[in-house]
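Notes to accompany the following structure.
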């Protein structure tokens, strides 16, 4: 079934939309969720929350492409679960990915007027200027939480090239954010 047909089912408020979405994008969303959480204990619940999030988002949204919307919902759902799970215990996994970016974007600011949307736009602006290879590797590492070995296997690059691209891209991002007025 095409995305436009699935979206039409959501707009018609047909429960068939959720079944069709799960069939077509279940593996995609599960992969995103498992990358963030590190294990499958909460994955099924997050996946159900993803379908509920899609149900609540359409209408009013009518996306041109379904995967970006579902990926965002799945990732945010998994991040919420990760925050909940790690409130009492601290473990590796996703924290390692966040530590890598820590030098670029720093810690969570305490100022109430900090604009996360502006920061997101600054990061997106930087990625628009990055090479396609750097952008692909950066997104696979920091959006999808893929490991260096998985990125290397998926792109055909050596692990050292992946590490080098990540390092240079983080360094470039840090410089870009400084120019945008972020004190890092």
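Where a number appears in this text, it was derived from the coordinates with a stated rule and is not lab data. Nothing here was measured: the structure is a model prediction, and the numbers come from that model. Backbone-built Cβ (ideal geometry, glycine too); neighbour counts: all protein chains shown.
State yes or no: is residue 27 within 28 Å of residue 147 (Cα to Cα) and either surrounded by fewer than 21 Cβ atoms within 10 Å (Cβ to Cβ) or in contact (Cβ under 8 Å) with a residue 40 or more places away in the chain (or both)?
Working: within 28 Å of residue 147 (Cα to Cα): yes; either surrounded by fewer than 21 Cβ atoms within 10 Å (Cβ to Cβ) or in contact (Cβ under 8 Å) with a residue 40 or more places away in the chain (or both): yes.
Here the answer is yes, as residue 27 does meet what is asked.
If you take the residues of segment 35-58 that are assigned to a helix (DSSP H, G or I) and free of Cβ contacts under 8 Å to residues at least 12 places away in the same chain, which of them is nearest to residue 146 (Cα to Cα)? Steps first, answer last, please.
If we filter segment 35-58 for residues that are assigned to a helix (DSSP H, G or I), which is where we start, we get 35-37, 43-57.
Subset that is free of Cβ contacts under 8 Å to residues at least 12 places away in the same chain: 44, 48, 52, 56.
Values: 44: 20, 48: 23, 52: 26, 56: 29 Å.
The qualifying residue nearest to residue 146 (Cα to Cα) is 44.
In this structure, is residue 74 surrounded by 15 or more Cβ atoms within 10 Å (Cβ to Cβ) and assigned to a helix (DSSP H, G or I)? Spell out the reasoning first.
Details: surrounded by 15 or more Cβ atoms within 10 Å (Cβ to Cβ): yes; assigned to a helix (DSSP H, G or I): yes.
Considered against the rule, which asks whether it is surrounded by 15 or more Cβ atoms within 10 Å (Cβ to Cβ) and assigned to a helix (DSSP H, G or I), residue 74 comes out as yes.
Can you pull out the residues in segment 77-86 that are buried (at least 19 other Cβ atoms within 10 Å of the Cβ) and under 10 Å from the mean Cα position of the chain (by Cα)? Once the filter is applied, which keeps residues that are buried (at least 19 other Cβ atoms within 10 Å of the Cβ) and under 10 Å from the mean Cα position of the chain (by Cα), segment 77-86 yields only 78. If the condition is being part of a helix (DSSP H, G or I) and either touching a helix residue (DSSP H, G or I) at 6+ places or on another chain (Cβ under 6 Å) or touching a residue at least 24 places away in the same chain (Cβ under 8 Å) (or both), then segment 130-148 contributes 133, 134, 135, 137, 138, 140, 141, 142, 148.
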